[in-house]
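In what follows, a single structure is set out as structure tokens and then discussed.
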Amino acid sequence: MLKTILSWMNRNIILLSIFISVTLLIFGHAYFFGAYISPDSTNYLQAAQALRDGYGFHVNAAAGDTETYFAIWPIGYPAMIAFVSIITNTEVYLASKIVSVVILTILFTMFYIKFKKHTWAYAFLTLNLGFLQVFYYTWSEQPFILGLMWISFAAIDILKSDRIKYYHYINIALASLFLFFSRYIGAFSVGVIGLMAVYYLDSPQKAVIYWNNKVK
């Protein structure tokens, strides 16, 4: 087992180097040697703290305001931060950086599943200054980027499949929900699903639900 892991690491040394570099940049720039907090970041962190403290969506409840809800943006991203903060017992700002690395890990995993030995070439995109800036700040663009990649790969899987199976429908539906709960503009993904549904009206035999190659 160890030999297999070491062999994989040796074959993907460039990919691992990029991942480690981006992780160190996130924690170095945005935690250990500085803090990246914008007005939007403040709102996300405030919402995450309210969730962590048991106030729910009442972002100013700690100050006695029980009327103000967190409604400008979806609650998905602050909920991720609050959840990580609770399970790691860390303050919400550090938890937001941990969430950033978790999202980065999922992105790299998705790239690897899709592109295999060529993943390192796509991973260089994460060294782009614009991408790094997004991950330095506590911004919901992070899960939104993940959601965009998710729904893109889900759509590609459907288009390339000879038969659409249950998990294709579940996968793209979850990706759409994830996008919406990251940013409200993610509702556009319903249109993507709708366009694909229209496309398959011309080939209904392909859209039949299959599972393990057996018609259900």
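Please treat every number below as a calculation from the coordinates, not as lab data. Owing to the predicted nature of the structure, the values given are computational and were not obtained by experimental measurement. Here the Cβ is made from the backbone with ideal geometry for all residues, glycine too, and neighbour counts use every protein chain on show.
Only residues of the stretch 148-188 count here: report those whose backbone N is under 12 Å from the spot 7 Å along Cα→Cβ of Ala79, or say none.
So the set is 177-183.
Mind listing the long-range amide H neighbours of Lys165? Cut-off is under 5 Å, sequence gap 5 or more, other chains count too, H placed in the peptide plane at 1.01 Å from N.
It is Tyr210, by chain and number.
When the helix-only estimate is applied to the chain (DSSP H runs of n ≥ 4, each -39,500 (n - 2.57), divided by the residue count), what is the mean residue ellipticity at 222 nm, nearest 500 deg cm²/dmol?
Working: 10 runs with 138 residues, N = 216.
So the calculated ellipticity at 222 nm is -20500 deg cm²/dmol.
Let a ≥ b ≥ c be the square roots of the eigenvalues of the Cα gyration tensor of the chain; is it rounded (a/c under 1.5), or, if not, prolate (a/b larger than b/c) or oblate?
Values: a/c = 2.29, a/b = 1.27, b/c = 1.80.
Cα axes put the chain in the oblate bin.
How far apart, in nm, are the 7 Å Cα→Cβ label points at Ser152 and Leu94?
3.4 nm
Relative to the longest principal axis of the chain, what angle (0 to 90°, nearest 10) does the C-alpha long axis of helix 39-52 take?
90 degrees
Pull out the extension gain between Leu125 and Ile72, defined as 0.36 nm times the separation in residues minus the alpha carbon to alpha carbon distance; nm, one decimal.
16.1 nm
If we sort 3-11, 39-47 on the protection proxy, mean other Cβ atoms within 10 Å, highest first, what's the order? Before the final figure, lay out each step's value.
Details: 3-11: 9.6, 39-47: 17.3.
Those peptides, ordered most packed to least, come out 39-47, 3-11.
Over the residues of the stretch 1-112, compute the C-alpha Rg and express it relative to 2.2 N^0.38 Å. Could you put the intermediate results ahead of the total?
Details: Rg = 17.5 Å, N = 112, 2.2 N^0.38 = 13.2 Å.
After normalising by residue count via 2.2 N^0.38 Å, the value is 1.32.
How high is the FRET efficiency between Trp8 and Ile87 when r is their beta carbon distance and R₀ equals 41 Å, given to the nearest 0.05? Could the numbers behind the result be given before it?
Details: r = 28 Å, r/R0 = 0.68.
Efficiency, rounded to the nearest 0.05: 0.90.
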